[in-house]
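Chemist: Just passing along the structure, written as C-alpha cells.
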There are 2 protein chains.
Amino acid sequence: MAVNLHIPADDAVFPVAGIEIGVTEAGIRKADRRDLTVFRLAPGTAVAGVFTRNRFRAAPVTVCEQHLASGQPIRALVINTGNANAGTGEPGMHAARQTCDALAALMQIDPRQVLPFSTGVILEPLPVERLVAGLPGAIGNLSPGNWVGAAHGIMTTDTLPKIHSQRLSLGGRQITITGISKGAGMIRPNMATMLGYLGTDAGIAEPLLRQMAVEIADVSFNRITVDGDTSTNDSFIIMATGQSGLLVDSVTHPQYQALKSALAAAAADLAQKIVRDAEGATKFMTIRVEQAGSVEEALKVAYSVAHSPLVKTAFFASDPNLGRILAAIGYAGVDDLDVTGVRLWLGDVLVATQGGRNPDYQEADGQRVMKQAEILVRIALGRGSVTETVYTCDFSHEYVSINADYRS
Amino acid sequence: MAVNLHIPADDAVFPVAGIEIGVTEAGIRKADRRDLTVFRLAPGTAVAGVFTRNRFRAAPVTVCEQHLASGQPIRALVINTGNANAGTGEPGMHAARQTCDALAALMQIDPRQVLPFSTGVILEPLPVERLVAGLPGAIGNLSPGNWVGAAHGIMTTDTLPKIHSQRLSLGGRQITITGISKGAGMIRPNMATMLGYLGTDAGIAEPLLRQMAVEIADVSFNRITVDGDTSTNDSFIIMATGQSGLLVDSVTHPQYQALKSALAAAAADLAQKIVRDAEGATKFMTIRVEQAGSVEEALKVAYSVAHSPLVKTAFFASDPNLGRILAAIGYAGVDDLDVTGVRLWLGDVLVATQGGRNPDYQEADGQRVMKQAEILVRIALGRGSVTETVYTCDFSHEYVSINADYRS
C-alpha cells in the first residue's frame, strides 16, 4: 500500500559509466531471494558516505568509515540483506573485515578499497561463510545494466524497489545520475536499515564530494521520518566516476550548483520513496515550517508534528483533528514561542491563527484536504525567515501489525 | 483493558478534613454524565500547582497561574470535562474568568481565590453558560466524602477512576493523604488533559508547598509517558488543609522528609494509574536507567526507549526484540556513549553486554519475561551513579483504533 511510489520503466533506468553491479542469491537468511549485491567502481571514481549517528552502529558502518578514511581509493561495495551485523561486538567487526578480504582477493584489490553494508536482523551473528561463498556468483553477474536488480537485491521488507534515474546536460556534456534506496522507515523491525546509493558519471573531486554528501544527506535522507527510530545501519553513498568527462573540482566551478542540485533532487526522491513505502503508510505528508528563527527550531517543530502518534493516527483516519497539531507545535521545545503568532494550514486551508481556530475555518474544508493521499501541513511561526521541510507518513493499524507480528 | 489498576474500596478512601467536593451533571458536551466538579477548601489551606509546559497552554492553565501568583488564598477549584478550553484565544480566557467569577459569587469569595480546570476537546469554544448553570448543583452536593465521585467526575475517556488514599502517623498525629487523577496518556485524542489533585490534612507552609509540588511532580507525573504527546492542559495540584494539627513549615522540620515521601508516593501511584489505564495498554513497563553520568542523560535514554514505537509494538507482541531497545539507546542523543559499557536486562535476565548479546542469553528467558503484564527494563550505562525511572505502556492495535476513530 505504498503511496504514489512510481518505479521507472527499465529503459528509463540509465547505467552510469564506470559502475557495474552484480546481484545473487547467497541464502544468507532465506533461500530463493536476491540478498547479495556487489558494486565494482572504475579507477578514478570518487566516493563519499554519510552514516548513522546511532551509537550502536553496526560493524560494517565502522569498517566503511575506516576504509573511507584510509586514503585508499574505493573500488567496490558489497551489500548483504538478511542480517544487519549490528550489536554483534568484536566478532561482528571480524565478519565485516572477512567480507572485505574475500571480495578484495577475488577482485585483486586492497581490502581497504571495499565498503561493506549489511541490513537485516540485529543481534545475530552474520553468517559470513554463506556471504563469502556467494561473492563469486555476484561478481560473475557484474553488469552496468543491473541497477534494477540491485534495487531488488537490497530490499528487506520493502514492498517495492526504489530507483531514481535521470539524464541532464551540464556544461555541454550529458550527465547520468542513477540511484537506489531501501528502507520502509528510519528503522525496520529487526531488519534495521536505510540504505541509499547514488551514482553519477560526472567527476567530482573527492574532498568536495565528501562535503556535498553531507549537504545532500541533510536535505534528503536526514529529512524523512516514519517512526523516529534511527537505525544502527543507515548509510548513504555517492559515487562519481568522472567517465562523462565533466570534472567538478570546487564550489566555484560553473557546473557545481547545477550538479549538486541534481544530485540533491535525486537523493530527495530516493528518500521520499522510502516514506511512500513506509510500514503501513496510507498517506504521504509534507511538514513545512516557515518563518522560523533558526534551522534548529524549524526542525524541532517539524519533527514534533511528524513524530506525534496522535497526529499520525488522525491523518490515518482522515480526521482534521487540528488540536493535535497545535499541541505538538506547543510541546516542540521552542520555549519562548508566542502562539498568537502561529498560523497553520492544511493544504491551502488556513485552520488556525492567533492562538486559536481561524474564524472562517470550516470543518468540511479540512476534511477535503485530509482525504487526499498527499498532504501539505504548513506551519508559520512568525519568528524569522527560515524554512525547513520534513517528510513523513501516517500511522495505521498495519504499522502495528507489521511491527508486532514481524519476528513471530 | 487497564493493567493491574486497582480501585480502593469506598471505605478505604479517607476524607481529608478541610476539603469538600461537589459533583454534578452540567451537560457540557454530553447528557447524563458527571462533568462538573467543585472543591471547597477550608480557610488556612495551602495550595500549590504544577502546569503543562506546552506553549499552547489552555486558558484555565493561564488563569490558574495568575490566581496562584495573586497572593489571594485559594478557596475553591472548579473542573469541567467535555471541553479543554484550549486553542481558544481571548474568548477562552474570558470564559475561564467568567467561570471563576460565577463560582466566587456563589461562594462569596474573590474570583482570584478560584482555580479553574478544563479537559476535553481542543479548539472548540467552552459552553460557559451550561458550566455556570451547573455550579449551584455542584455546590449543593458538597461533601467531604465525595472523592470517588470526583474521580469519576473528572474522567473523560479513562476506562476507570484513579484514586489513592492512605493514612499514616507522623509526629504522633494521624495524617490523611487522598488524591485523584485522570488521563490515559500525556494527551487524549481531542480530550487532552492529565489532571492530578492531591489533598492532605497535614499543614504545609505555602512557599514550602510550592517547592514540594515541583519536586513531587518531577518524580511522579513528570516520569510517565504513553505516546510522548504533552497535553495543553496538564495540571497537578496539592492542597494542604492543616486540619490534622501538624504544620510542616521548613525542610528542617522533623516530619518534612516523611511527609514529602508519603505525598510523592501518592502522586507516583496516581501517575502510574494513568499509564495502567493508557489507551490500548496491555503491558505496564518500568524503564530504569542506572549508572548514568547525569539526570539529563538518564532521562534521554529512558524516554528514547519509552517512546520508540518499535519497542512499544514489540512489547505488545511479547516479542523479546532486543535490537530495538539497543537501537533506541543508541540514538538517544548521548553522543559519547561507549556501547561496550552498556548492559541491558529484561526483568532479571541479562540480555546484552559489551555491545552485543550476552553469550549466555536464551531467547526462552526473554520470552518468559515479555509475557508478563508488568515488565522492568533495566539499562546500565556504565558512566556514573545516577538512576532515573520512567513508566510507560505498550503500543497496541487498540491505540490506533482509539486515536483514529475517536472523533468520528
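The values are calculated or read from the model by the stated rules, or taken from the named source; none is laboratory data. Keep in mind that this is a model prediction, so the values were computed, not measured. So basically every Cβ, Gly included, is an ideal-geometry build from the backbone, and we count neighbours across all protein chains shown.
Chemist: Based on this model, can you work out whether B:Thr282 counts as over 24 Å from the mean Cα position of the chain (by Cα) and either part of a strand (DSSP E or B) or among the hydroxyl-bearing types (Ser, Thr, Tyr) (or both)? I'd like the intermediate steps shown before the answer.
Modeler: Details: over 24 Å from the mean Cα position of the chain (by Cα): no; either part of a strand (DSSP E or B) or among the hydroxyl-bearing types (Ser, Thr, Tyr) (or both): yes.
The answer is no for B:Thr282.
Chemist: Please specify each residue of region A:7-25 satisfying the condition of being of a type in the set (Asp, Glu) and at pLDDT below 95.
Modeler: A:Asp10, A:Asp11
Chemist: Right, next: Could you list, in sequence order, the residues of region B:30-71 that are touching a residue at least 40 places away in the same chain (Cβ under 8 Å), within 14 Å of chain A (Cβ to nearest Cβ) and closer than 17 Å to B:Leu126 by Cα?
Modeler: Result: B:Phe56, B:Arg57, B:Ala58, B:Ala59, B:Val61.
Chemist: Quick test for you: out of A:Leu160, A:Leu142, A:Leu115, A:Leu103, pick the one residue that is touching a helix residue (DSSP H, G or I) at 6+ places or on another chain (Cβ under 7 Å), farther than 21 Å from A:Ala217 by Cβ, of a type in the set (A, V, I, L, M, F, W, C) and more than 14 Å from chain B (Cβ to nearest Cβ).
Modeler: A:Leu103
Chemist: Does A:Val377 count as assigned to a strand (DSSP E or B), within 31 Å of the chain's Cα centre (by Cα) and either within 18 Å of A:Val311 (Cα to Cα) or not assigned by TED's automatic domain parsing to the domain that holds A:Ala292 (or both)?
Modeler: Yes.
Chemist: Please go through region B:300-323 and give me each residue that is among the hydroxyl-bearing types (Ser, Thr, Tyr), buried (at least 22 other Cβ atoms within 10 Å of the Cβ) and more than 16 Å from B:Glu290 (Cβ to Cβ), ordered by number.
Modeler: B:Ser308, B:Thr313
Chemist: So which strands (runs of 3 or more DSSP E) stay within region A:128-226 end to end and still have 2 or more residues that are surrounded by fewer than 21 Cβ atoms within 10 Å (Cβ to Cβ)?
Modeler: Details: elements: A:162-170, A:173-182, A:195-200.
Result: A:162-170, A:173-182.
Chemist: Suppose we keep only residues that are surrounded by fewer than 19 Cβ atoms within 10 Å (Cβ to Cβ) and either free of Cβ contacts under 8 Å to residues at least 60 places away in the same chain or more than 24 Å from A:Ser231 (Cα to Cα) (or both) within region A:110-127. Which one would you say is nearest to the chain's Cα centre (by Cα)?
Modeler: The selected residue is A:Pro125.
Chemist: How do the pairs read when you match residues in region B:372-398 that are under 20 Å from A:Asn403 (Cβ atoms) with residues anywhere that are surrounded by fewer than 19 Cβ atoms within 10 Å (Cβ to Cβ) and charged (D, E, K, R), using Cβ under 9 Å and keeping only pairs 6 or more apart or on different chains?
Modeler: Hits for this filter: B:Val377/B:Arg288.
Chemist: Does A:Ala84 qualify as being closer than 22 Å to A:Glu129 by Cβ and within 14 Å of chain B (Cβ to nearest Cβ)?
Modeler: For A:Ala84, the condition - closer than 22 Å to A:Glu129 by Cβ and within 14 Å of chain B (Cβ to nearest Cβ) - is met.
Chemist: Whether any residue in region A:38-53 is assigned by TED's automatic domain parsing to the domain that holds A:Asp249, over 30 Å from A:Thr282 (Cα atoms), hydroxyl-bearing (Ser, Thr, Tyr) and not in a loop (DSSP other than H, G, I, E, B) is what I want to check.
Modeler: No, region A:38-53 contains no residue that is assigned by TED's automatic domain parsing to the domain that holds A:Asp249, over 30 Å from A:Thr282 (Cα atoms), hydroxyl-bearing (Ser, Thr, Tyr) and not in a loop (DSSP other than H, G, I, E, B).
Chemist: Right, another one. Quick check, is A:Val289 assigned to a helix (DSSP H, G or I) and touching a residue at least 24 places away in the same chain (Cβ under 8 Å)?
Modeler: No, not satisfied.
Chemist: OK, next. Given the conditions (1) under 13 Å from the mean Cα position of the chain (by Cα); (2) modelled with pLDDT under 90, which single one is not true for B:Leu198?
Modeler: Of (1) under 13 Å from the mean Cα position of the chain (by Cα); (2) modelled with pLDDT under 90, only one is false for B:Leu198: (2).
Chemist: Could I ask something else about it? Quick one: B:Gly89 ticks every box in (1) under 22 Å from A:Asp338 (Cα atoms); (2) among the small types (Gly, Ala, Ser); (3) away from chain A (no Cβ under 14 Å) except a single one, so which number is it?
Modeler: (3)
Chemist: In addition: Looking at region B:71-88 only, could you name the residues that are small (Gly, Ala, Ser) and surrounded by fewer than 19 Cβ atoms within 10 Å (Cβ to Cβ)?
Modeler: Within region B:71-88, B:Gly71 is the sole residue that qualifies.
Chemist: Ok, one more. Tally up the residues in region B:54-93 that are in contact with an Asp or Glu (Cβ under 7 Å, 6 or more places away or on another chain) and either closer than 22 Å to B:Leu106 by Cα or assigned to a helix (DSSP H, G or I) (or both), please. Quick ask: steps written out before the conclusion?
Modeler: Taking region B:54-93 and keeping what is in contact with an Asp or Glu (Cβ under 7 Å, 6 or more places away or on another chain), we get B:72, B:80-83.
Restricting the remaining residues to those that are either closer than 22 Å to B:Leu106 by Cα or assigned to a helix (DSSP H, G or I) (or both) gives B:72, B:80-81.
The total comes to 3.
Chemist: In addition: Suppose we filter B:Val295, B:Val248 for residues that are in contact (Cβ under 8 Å) with a residue 24 or more places away in the chain and either under 30 Å from B:Thr159 (Cβ atoms) or buried (at least 23 other Cβ atoms within 10 Å of the Cβ) (or both); which single one remains?
Modeler: Numbers: B:Val295 fails: either under 30 Å from B:Thr159 (Cβ atoms) or buried (at least 23 other Cβ atoms within 10 Å of the Cβ) (or both).
Answer to the check: B:Val248.
Chemist: Now for a separate question. Please enumerate the residues belonging to region B:206-233 that are within 13 Å of the chain's Cα centre (by Cα), acidic (Asp, Glu) and over 21 Å from B:Glu296 (Cβ atoms).
Modeler: none
Chemist: Same structure again: Out of curiosity, is B:Ala314 part of a helix (DSSP H, G or I), more than 23 Å from A:Phe51 (Cα to Cα), within 8 Å of chain A (Cβ to nearest Cβ) and among the hydrophobic types (A, V, I, L, M, F, W, C)? It would help to see each step written out before you state the result.
Modeler: Working: part of a helix (DSSP H, G or I): yes; more than 23 Å from A:Phe51 (Cα to Cα): yes; within 8 Å of chain A (Cβ to nearest Cβ): yes; among the hydrophobic types (A, V, I, L, M, F, W, C): yes.
Taking the combined requirement at face value, the residue satisfies it.
Chemist: Let me ask something else about it. Pick from region B:374-408 the residues that are away from chain A (no Cβ under 12 Å) and polar (S, T, N, Q): which of them is surrounded by the most Cβ atoms within 10 Å (Cβ to Cβ)?
Modeler: Among residues in region B:374-408 that are away from chain A (no Cβ under 12 Å) and polar (S, T, N, Q), the one surrounded by the most Cβ atoms within 10 Å (Cβ to Cβ) is B:Thr392.
Chemist: Okay, next question. What are the residue pairs meeting all of these: first residue in region A:315-337, first residue under 10 Å from A:Ser304 (Cβ atoms) and assigned by TED's automatic domain parsing to the domain that holds A:Leu350, second residue of a type in the set (S, T, N, Q) and at pLDDT below 85, Cβ atoms under 6 Å, and 6 or more apart or on different chains?
Modeler: A:Ala327/B:Thr232; A:Gly330/B:Asn54; A:Tyr331/B:Asn54; A:Tyr331/B:Thr230
Chemist: Check B:Ala95, B:Ala151 and return the single one that is farther than 18 Å from B:Phe51 by Cα, touching a Leu at 6+ places or on another chain (Cβ under 7 Å) and in contact (Cβ under 8 Å) with a residue 12 or more places away in the chain. Before the answer, list the steps.
Modeler: Working: B:Ala151 fails: touching a Leu at 6+ places or on another chain (Cβ under 7 Å).
None of the other options fit; the residue is B:Ala95.
Chemist: Could you list, in sequence order, the residues of region A:351-376 that are within 16 Å of B:Leu123 (Cβ to Cβ), of a type in the set (A, V, I, L, M, F, W, C) and in contact with a Ser or Thr (Cβ under 7 Å, 6 or more places away or on another chain)?
Modeler: A:Met370
Chemist: Checking the condition within 14 Å of A:Thr176 (Cβ to Cβ) and either within 18 Å of the chain's Cα centre (by Cα) or within 14 Å of chain B (Cβ to nearest Cβ) (or both), which residue from A:Leu263, A:Leu259 passes?
Modeler: None of the other options fit; the residue is A:Leu263.
Chemist: Look through region B:310-357, keep the residues that are basic (Lys, Arg) and touching a strand residue (DSSP E or B) at 6+ places or on another chain (Cβ under 8 Å), and return whichever of them is farthest from B:Leu381 (Cα to Cα).
Modeler: Initially, region B:310-357 is screened for residues basic (Lys, Arg), giving B:312, B:324, B:343, B:357.
If we keep only those that are touching a strand residue (DSSP E or B) at 6+ places or on another chain (Cβ under 8 Å) as well, we get B:312, B:343, B:357.
Details: B:Lys312: 21, B:Arg343: 7, B:Arg357: 15 Å.
Top of the filtered list is B:Lys312.
Chemist: Select from region A:324-373 the residues that are part of a strand (DSSP E or B) and facing chain B (nearest Cβ under 8 Å) and write down the one among them that is surrounded by the most Cβ atoms within 10 Å (Cβ to Cβ). So that I can check it myself, show each step before the final result.
Modeler: So in region A:324-373, the residues part of a strand (DSSP E or B) come out as A:343-346, A:349-353, A:356-357.
With the extra rule that they be facing chain B (nearest Cβ under 8 Å), the set shrinks to A:352, A:356-357.
On the way: A:Ala352: 25, A:Gly356: 23, A:Arg357: 22.
The extreme case among them is A:Ala352.
Chemist: Something else: So is B:Asn83 modelled with pLDDT under 95, of a type outside the set (Ser, Thr, Tyr) and touching a Pro at 6+ places or on another chain (Cβ under 7 Å) or not?
Modeler: When the stated conditions are applied, B:Asn83 passes them.
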